[in-house]
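Below is one structure, written out as structure tokens, with a few remarks after it.
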Ligand SMILES: NC(=O)c1ccc[n+]([C@@H]2O[C@H](COP(=O)([O-])OP(=O)(O)OC[C@H]3O[C@@H](n4cnc5c(N)ncnc54)[C@H](OP(=O)(O)O)[C@@H]3O)[C@@H](O)[C@H]2O)c1
């Protein structure tokens, strides 16, 4: 049963791109009160000075609250911090009984050897891993609703998982799927770096972290758990392209048994018909523009002439691939929210 009470939330790392999207979503929600939008360096600065899309929307300013303020004044905490720092900051808040949604990669992997290998550091809070729930509603909806700590999936990982999940859930995936995914510049966050600076990437396409992107292990973990334990790994090539928002992931995967294209289409339609935010598109190709700014993803499955699965998925890295999915998880967790789909969220995108 829902109540008229507002959930009091904090958004940590609110000056960043993920934090800005969380602000955009939460400030539109009549059942949410944003108590803290945190920043280490810009305390006192109105949020609209950084996120100009929020001009005139709210009087909120960034603050740098203490642990005690966060625990006393908030029900839900969103973390939009870099990995490593995230577990260190969020761990004590989970200890204090807060319900936490982390956008970083810190709590996604169950195997700490894998975390060390892909994130290059020891995990600061391995004791919290067992209770963390991977925040992919398409596989974990019920567990998310009860979770204290949700690890919201990575942007590439969401696109890859959604491209392959229906087949994985039927135990059809085997070997090492191959994925190429093209991404916009906002995926790299708000800080300018040598490889993400506009003149370097604006008229170019560039592969990076080839076969070694840190989202690989969370995809393998998720697809195995979904029903394809025989999966041997995943070969992934990320490519940066000159758009701002959006990911298009193109996956090819060996299938355990022969299937027809019609069977694949039926499987994907059945799996995603119950998912408000994932659309199986069969009469056109998935694209980034139709989902930009929204929590929707588009997926198109095919059978290759060699009998493999070919699947394309598009989503907005900052929304379904990040803050939107984290916010969707929050709505599942909150007894004050009627459901996970929210009309005030601007879920409808724009065209063109
Ligand atoms: N961008 C995406 O498409 C996307 C999608 C899914 C998930 N994610 C994940 O979400 C998290 C945030 O990503 P983002 O793109 O929003 O990053 P971002 O734009 O770089 O913002 C991160 C914010 O965290 C704060 N911060 C930085 N270092 C910190 C530290 N050591 N301790 C505490 N606060 C720190 C900074 O704010 P102050 O300097 O003002 O304190 C910064 O604005 C990352 O873990 C990222 O991997 C990002």
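Taken together, the values in this text are just the output of simple stated rules run on the coordinates, not laboratory data. Computed from a predicted model, the values in this text were never measured in an experiment. Positions of Cβ are backbone-derived with ideal geometry, glycine not excepted, and every protein chain shown enters the neighbour counts.
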Highest-fluctuation residue, 165, 262, 332 considered, GNM on the chain with Cα pairs under 10 Å: 262
Multiply the residue separation of residue 302 and residue 85 by 0.36 nm, subtract the distance between their alpha-carbon atoms, and state the gained length in nm to one decimal. 74.0 nm
Using the Kirkwood formula over every pair of different C-alpha atoms, what hydrodynamic radius in Å results for the range 137-243? 15.2
Please arrange 224, 99 by how many other C-beta atoms lie within 10 Å of their C-beta, fewest to most. 224, 99
Residue-span extension gain [residue 191 to residue 265] - 0.36 nm each, minus C-alpha spacing: 22.5 nm
Top of 249, 226, 80 by mean-square fluctuation, Gaussian network on the chain, Cα under 10 Å: 226
Nearest-ten-degree value, helix 17-27 long axis tilted from longest Cα axis of the chain: 70
Please determine, in degrees from 0 to 90 and to the nearest 10, the orientation of helix 137-146 with respect to the longest principal axis defined by the Cα atoms of the chain, where the helix direction is its Cα long axis. 30
Report the gain in length on full extension from residue 241 to residue 69: 0.36 nm times residue separation, minus Cα-Cα distance, nm rounded to one decimal. 57.8 nm
Rank 127, 316, 106 by mean-square fluctuation in a GNM of the chain with C-alpha springs under 10 angstrom and give only the top-ranked residue. 127
When 1/r is averaged over all different Cα pairs and the result inverted, which Kirkwood radius in Å belongs to the range 222-340? 15.9
When a/c reaches 1.5 or more, the comparison of a/b and b/c decides; with that in mind, is the range 234-299 rounded, prolate or oblate per its Cα gyration tensor? oblate
Counting DSSP beta bridges in the range 277-352, what percent are antiparallel, to the nearest 5? 70
With contacts defined as alpha carbon pairs under 8 Å and 6 or more residues apart, what's the relative contact order of the chain in percent? 18
Considering Cα pairs under 8 angstrom that are at least six residues apart, work out the relative contact order of the range 79-229 and quote it in whole percent. 24
Residue-normalised 222 nm signal for the chain, counting each DSSP H run of n ≥ 4 as -39,500 (n - 2.57), nearest 500 deg cm²/dmol, is -8500 deg cm²/dmol
All alpha-carbon distances of the range 16-159, grouped into 10 Å bins from 0, give the whole-percent distribution 11, 40, 35, 14, 1
Taking 2.2 N^0.38 Å as the expected size of a compact globular protein, what ratio does the Cα radius of gyration of the chain give against it, to two decimals? 0.96
For 314, 66, 183, 341, ascending order of other Cβ atoms within 10 Å (fewest first) is 66, 341, 183, 314
Compute the whole-percent fraction of alpha carbon pairs in the range 156-317 spaced more than 24 Å apart. 32
Kindly provide the Kirkwood hydrodynamic radius of the range 1-98 in Å, to one decimal, from all pairs of distinct alpha carbon atoms. 13.6
Do you know the relative contact order of the range 156-317, to the nearest whole percent, from alpha carbon pairs under 8 angstrom that are 6+ apart? 32
State, to one decimal in nm, how far the label point of residue 96 lies from the label point of residue 203, with both points 7 Å from Cα in the Cβ direction. 5.1
